[in-house]
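The values are calculated or read from the model by the stated rules, or taken from the named source; none is laboratory data. Keep in mind it's a predicted model, so treat the numbers as computed, not measured. A quick note on method: Cβ atoms are made from the backbone with ideal geometry, for glycine too, and the neighbour counts reach across all protein chains shown. These area figures cover heavy atoms from the full protein model, side chains too; ligands, DNA and RNA do not enter into them. Shrake-Rupley method; radii C 1.70, N 1.55, O 1.52, S 1.80 Å.
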Amino acid sequence: MAFYENAKLVRETDKPEQYQRVRKIGEEPGGPGIYRCQSCGFEDVMNRECTKLPPCSNCSKQKGANTWKFLVIATDAA
Ligand SMILES: [Zn+2]
């Protein structure tokens, strides 16, 4: 669950497929933003320099590889 203070600076997407796509470790991210681990729900941030999605740092090694989905996409729109 992500929180925000100013509702004018966030907007419900009109492109839900970007958020529904399951993204694997090692895959190129869809862009900068907050991603949610599909195994444990942990949220983490990928910046603009990120070229490969990392494993979830909150998942134990016993759980195996996790996948990610976008929770919040960051934009450069003013
Ligand atoms: Zn996790």
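Within region 35-66, restricting attention to residues that are open to solvent by less than 50 Å² (accessible area, probe 1.4 Å) and closer than 22 Å to residue 77 by Cβ, which residue is farthest from the chain's Cα centre (by Cα)? The extreme case among them is 50. Every listed requirement among (1) out of contact with any Pro (no Cβ under 7 Å at 6 or more places or on another chain); (2) more than 16 Å from the ligand (Cβ to nearest atom); (3) open to solvent by less than 50 Å² (accessible area, probe 1.4 Å) is met by residue 74 save one, (1).
The set of residues in region 29-60 being more than 11 Å from the ligand (Cβ to nearest atom) and not in a loop (DSSP other than H, G, I, E, B) consists of 33, 34, 45, 46.
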